[in-house]
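So the structure is just underneath, and the comments pick up after that.
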There are 2 protein chains.
Amino acid sequence: MNPLDNIRVVLVHTSNAGNIGAAARAMKNMGLSHLYLVSPHRYPADEATWRAANAADLLDRAVVVETFDEAVAGCALAVGSSARERSIPWPLLDARRACAQIYTEAQRHGVALVFGREDRGLTNEELQKCQLHINIPSNPEYSSLNLAMAVQVIAYELRMLQVAGTLPADAMTGWDLDYANADAVERLFTHFEQALSAMGFLKADAPKQTMTRLRRLFQRTRLDTMEVNILRGILTSAQYWVRKAGGGKPDGDGS
Amino acid sequence: MNPLDNIRVVLVHTSNAGNIGAAARAMKNMGLSHLYLVSPHRYPADEATWRAANAADLLDRAVVVETFDEAVAGCALAVGSSARERSIPWPLLDARRACAQIYTEAQRHGVALVFGREDRGLTNEELQKCQLHINIPSNPEYSSLNLAMAVQVIAYELRMLQVAGTLPADAMTGWDLDYANADAVERLFTHFEQALSAMGFLKADAPKQTMTRLRRLFQRTRLDTMEVNILRGILTSAQYWVRKAGGGKPDGDGS
């Protein structure tokens, strides 16, 4: 199959409908076809259709959903567009290197390319649901690309990989199991939070930002399906022992 | 000198003022600063200023001229953007390869990057005033990029040449913590084995090869020092609950 058909572009809370149309055109120009819109402010809109030009078919087939999680469900890799320095660094690649990984993985499973709001990008919470962050190198004096322009640059990098005909190497090629999908990984984090709360391990003040650090650990490592099962099995076992001991949260509020 | 300062972007007979603004923003985002406009249909225009966002300074300094020849005067290389097959082939490179040449030459002399009309591109006469044609690889089913998008892609390729050698090659560059040492990671695996045994999670038959899979998971992820501490803290907490519940290995031999 064509790897580009395994890649979806997700636009989160886009405020300018024109950007949606321009992104659709950029996608079609480069051979991408799956557009997801998370709660766009105004859509459908004439401005979107006008800017899409001959990519109106792609707009017509766009999937509009309410939440980030719905938009990335079924994808084993979610890549978040990130401009800013983060207090807790996340795996981050420039557009060219990130696209090499995206294109390689898209031969095996779904990949979501996620772009945030025009004014504020993706929230920390959204970025922490991604395994990888992607950044377009830019002028430090004015680094904020228009949303559709960012889609264009990344789509172009993917197209260049397709026309190159050669595949970048990937350390994980030939893995024995599929990567877990984004929704399965989210359920794992929910399970972690519940179990660690019951164990009294998560403290109210959370000086170590435990959940964020666990999220970063397991997002960057690209869990496979059996690993998710093993970790959830361990958590279930821990919950069993807490209940058997009479439950409780001995040294914290379990928040 | 910075080669990017030796490159000018020339927009010929642009009909949509918004595209001029968007091109200016794309240029500034990528570190280009010299914009020439050949007989724009409508300029200055609010739409241009609005789309330029924080690149309004670049618009203010744009040079508006009457003819193609005035716009490329003083440049030793003029590169014309070309989408179409020509009856008489001209030297033509894709964006990446053309930009390599442009960037190299811009260290010595002025280079003009010329973009044509939204609907018809550059005329044959204009293209024949260029030494080189540049083409952005695109989807044959819809190959016509928006004008400002084409400027963005080419400006991005030039930026990539400028930052080459300075980009992190590794997704983990700039991590906030040191990687854990091998001995600390080994102690973590010992701790896992002890805790999971006490919890009764490791079975004698070990159908899932749990420890091997945990080892593979945490070895490939390159644990940092705090992650080791968090994981060991979780294991210690689980051991506490097992002891509190009266210890035991409810469903296995704990080997």
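The values are calculated or read from the model by the stated rules, or taken from the named source; none is laboratory data. In this text, all values refer to a predicted model and were calculated from it rather than measured experimentally. Because the Cβ atoms are built from the backbone with ideal geometry, glycine has one as well, and the counts that use them run over all protein chains shown.
The listed residues are A:S15, A:S33, and the only one of them that is within 16 Å of A:F115 (Cα to Cα) and in contact with a helix residue (DSSP H, G or I) (Cβ under 8 Å, 6 or more places away or on another chain) turns out to be A:S33.
Please verify whether B:E227 is in a helix (DSSP H, G or I), crowded, with 19+ Cβ neighbours inside 10 Å and of a type in the set (D, E), treating the condition exactly as stated.
Yes; evaluated as a whole, the condition is true for this residue.
Residues that are in a helix (DSSP H, G or I) and in contact with an Asp or Glu (Cβ under 6 Å, 6 or more places away or on another chain) were ranked within region A:6-26; the one that is farthest from the other protein chains (Cβ to nearest Cβ) is A:A17. Only a single criterion out of (1) out of contact with any Asp or Glu (no Cβ under 9 Å at 6 or more places or on another chain); (2) within 21 Å of B:G110 (Cα to Cα); (3) of a type in the set (V, I, T) is not satisfied by B:I88, namely (2). Pairing each residue of region A:48-67 that is among the hydroxyl-bearing types (S, T, Y) with any residue that is assigned to a helix (DSSP H, G or I), provided the two are 6+ apart or on different chains, yields C-beta distances under 7 Å for A:T49/A:G21; A:T49/A:A56; A:T49/A:L59.
Report yes if some residue within region B:21-31 is under 20 Å from B:L122 (Cα atoms) and surrounded by fewer than 21 Cβ atoms within 10 Å (Cβ to Cβ); otherwise report no. No: region B:21-31 contains no residue that is under 20 Å from B:L122 (Cα atoms) and surrounded by fewer than 21 Cβ atoms within 10 Å (Cβ to Cβ). Filtering region A:41-60 for residues that are acidic (D, E) and touching a strand residue (DSSP E or B) at 6+ places or on another chain (Cβ under 7 Å) leaves an empty set. Against the conditions (1) in a helix (DSSP H, G or I); (2) within 12 Å of chain A (Cβ to nearest Cβ); (3) more than 27 Å from A:I88 (Cβ to Cβ), B:A195 satisfies every one except (3). Of everything listed in (1) away from chain B (no Cβ under 14 Å); (2) out of contact with any Leu (no Cβ under 6 Å at 6 or more places or on another chain); (3) farther than 20 Å from A:D224 by Cα; (4) in contact (Cβ under 8 Å) with a residue 12 or more places away in the chain, the single unmet condition for A:A148 is (1). Hey, does region B:163-178 have a residue that's assigned to a helix (DSSP H, G or I) and either within 11 Å of chain A (Cβ to nearest Cβ) or farther than 30 Å from B:R243 by Cβ (or both)? Checked against the condition, which is being assigned to a helix (DSSP H, G or I) and either within 11 Å of chain A (Cβ to nearest Cβ) or farther than 30 Å from B:R243 by Cβ (or both), region B:163-178 yields at least one hit. Just for region B:56-83: of the residues that are of a type in the set (D, E) and away from chain A (no Cβ under 14 Å), which one is surrounded by the fewest Cβ atoms within 10 Å (Cβ to Cβ)? The selected residue is B:E66.
Please tell me if B:L132 is surrounded by fewer than 20 Cβ atoms within 10 Å (Cβ to Cβ), touching a residue at least 12 places away in the same chain (Cβ under 8 Å) and assigned by TED's automatic domain parsing to the domain that holds B:H13. Spelling it out, B:L132 is indeed surrounded by fewer than 20 Cβ atoms within 10 Å (Cβ to Cβ), touching a residue at least 12 places away in the same chain (Cβ under 8 Å) and assigned by TED's automatic domain parsing to the domain that holds B:H13. Taken over region A:84-117, the residue count meeting the criterion of being touching a residue at least 24 places away in the same chain (Cβ under 8 Å), surrounded by fewer than 17 Cβ atoms within 10 Å (Cβ to Cβ) and within 11 Å of chain B (Cβ to nearest Cβ) is 2. Taken together, B:A71, B:A83, B:A48, B:A62 contain a single residue that is of a type outside the set (K, R), at pLDDT 95 or above and under 28 Å from A:A155 (Cα atoms), which is B:A48. Annotation note: of A:Y142, A:Y156, the sole residue that is hydroxyl-bearing (S, T, Y) and in contact (Cβ under 8 Å) with a residue 40 or more places away in the chain is A:Y156.
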